[in-house]
Amino acid sequence: MDYKLQVGVQSHLEMGSLEDRSMQDLHDECLHSPETDARKNQTTYSNEPLPFSDGRLPAGCNNMIGHGVYRSIKTVVFSNKLNLLMPFGPLAILVHKLTAHNGWVFSLSLLGITPLAERLGYATEQLAFYTGPTIGGLLNATFGNATELIISIYALKSGMTRVVQLSLLGSILSNMLLVLGCAFFCGGLVYHRKEQVFNKATAIVNSGLLLMAVMGLLFPAVLHYTHTERQYGKSELSLSRFSSCVMLVAYAAYLVFQLKGQNDLYAPINEENLDDDDDDDDDDDEAPEISKWESGIWLVILTAWISILSDYLVDTIQGASEAWDVSIAFISVILLPIIGNAAEHASAIMFAMKDKLDISLGVAIGSSTQISMFGIPFCVVIGWIMGQEMDLNFQLFETATLFITVIVVAFFLQEGTSNYFKGLMLILAYLIVAASFFAHEDPTSANEKKQP
């Protein structure tokens, strides 16, 4: 009993001393309790007007928006050295207003479109990060060759169906021979002690689609040159429009097949051999740099600017041909695609030098497949809507060139390996094609010159 009394007295004394020592601290804590803070906030918000009640944003929000716009412009416009060519676009418009020199306007428009095409692809890739693989694939199919399609639509609007045919054909030839050849050549020089490998299944499927596109272009030409049309002048156009619809359906089925049905089959060939550190590096490299809304806004801005320059480009093709004494066929098949595919050319080489040939093939052969199975049929359908009689008869010389090119590239891809020698052969083949079109006079253009 005495022990319990002693313990109780001691504990009471300790509690008393505790109260004496920490009374001020407890009082301070009570003053800063959550309930007290909530009451203070309510009182403060009830006495002060809301920050948005007068229609003005706080200074902090304005600073954040300004910083976001600055960061977006810095990332998209000032992060690439190729963008140094952007001022040539306004300069082309200025030269067109002040002078009548179509050759200069055409050259400046080409140089001005080059960085815009690359940035359009960049914005599409950034937006694909937020949409998933299916929608991302559709975006790449739509905007991957947007520059060529925009130029083609403006040419169709002006009734220049032959320029549309030749420019799309030239883009296919440039991607298959020059872009792929430079990728194989540069990658082979970097890894000269081994053969680089890529997914053979993807290459075979793309080769099959390219052969199907050749078939779609071959039959209208054969029908025309053998004079076996049931209705002269109509059967060829009807066959072209029907074949274009079939090719669009085939390309849509290919997208579904590639994106949903065969994920394991189309995985990169060296994916299983990557180290964990490499995977982390790849993840860091593939992180989006701009937001979803910024990507969409930049897509609209770049597409509009490309459309403006494409109008000047198409209007000055004929004048540039006369000023330079070069055929329209050479300008459309060689010059336009080289400039339009400059960004794809650089990216394919870069990935090949990093031993990522699957991506290089996706850029070169995948882009050729998009144009042949989507771009050309799409332009035929658009011309149908516009009332322009564009068909799939690319003339005998052009169709034969495309057929031989597809066969040559298919033979080079059938082994699933690459080296610098294969790349050199493709580059030399492109030089032969370029020299052939330089010496070739398009019969349609020749007939137009003979007319008074």
Scattering profile of segment 79-199 from the Debye formula, Cα beads only, expressed as log10 I(q)/I(0) at q = 0.15, 0.18, 0.23 Å⁻¹, is -0.97, -1.21, -1.31
How would you rank 123-131, 425-433, 381-389, highest first, on the average number of other Cβ atoms within 10 Å across their residues? 123-131, 425-433, 381-389
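What is the sum of charges around Val380, taking Lys and Arg as +1, Asp and Glu as -1, for the other residues whose C-beta is under 14 Å from the C-beta of Val380? Don't skip to the answer; put the middle values down first.
Numbers: positive: Arg162, Arg241; negative: Glu236, Glu389, Asp391.
Result for the local shell: -1.
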Per residue, what volume in Å³ does the convex hull of the Cα atoms of segment 341-452 enclose? 137
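Mind ranking 90-103, 400-413 by how tightly packed they are, going by the mean number of other C-beta atoms within 10 angstrom, highest first?
400-413, 90-103
With a 1.4 Å probe and all protein chains kept in place, how do Thr316, Thr303, Thr226 rank by accessible area, largest first?
Working: Thr316 0, Thr303 40, Thr226 70 Å².
Solvent-accessible surface, decreasing: Thr226, Thr303, Thr316.
Excluding Ile331 itself, calculate the net charge of residues whose Cβ lies under 12 Å from the Cβ of Ile331, where each Lys or Arg counts +1 and each Asp or Glu counts -1. Can you show the working numbers first?
Values: positive: Arg162; negative: Glu322, Asp325, Asp442.
Taking every Cβ under 12 Å from that of Ile331, the sum is -2.
Taking every pair of distinct Cα atoms and averaging 1/r, then inverting, what Kirkwood hydrodynamic radius in Å comes out for segment 150-225?
Working: mean 1/r = 0.0652 Å⁻¹.
Its Kirkwood hydrodynamic radius stands at 15.3 Å.
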Going down the list Lys81/Lys292; Lys354/Lys422; Lys74/Lys356; Lys74/Lys292; Lys200/Lys260; Lys194/Lys260, which pairs span over 22 Å between their C-alpha atoms? Lys81/Lys292; Lys74/Lys356; Lys194/Lys260
Long-range amide H partners of Gln196, meaning residues 5 or more apart or on another chain whose placed amide H is closer than 5 Å, are Ser418
Under a 1.4 Å probe, counting only protein heavy atoms, Phe88 has an accessible area in Å², nearest 10, of 70
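Which of the peptides 365-371, 208-214 is most tightly packed, and how do the rest follow, going by the mean number of other Cβ atoms within 10 Å of each residue? Kindly include the intermediate steps, with their values, before the conclusion.
Values: 365-371: 25.9, 208-214: 20.3.
Per-residue Cβ counts within 10 Å, averaged per peptide and sorted highest first, yield 365-371, 208-214.
The values are calculated or read from the model by the stated rules, or taken from the named source; none is laboratory data. As the structure is a prediction and not an experimental result, all values here were calculated from the model. Quick reminder, even Gly has a Cβ in these numbers, built from the backbone with ideal geometry, and neighbours come from all protein chains shown. The area values use the complete protein model at the heavy-atom level, side chains included, leaving out ligands, DNA and RNA. Shrake-Rupley method; radii C 1.70, N 1.55, O 1.52, S 1.80 Å.
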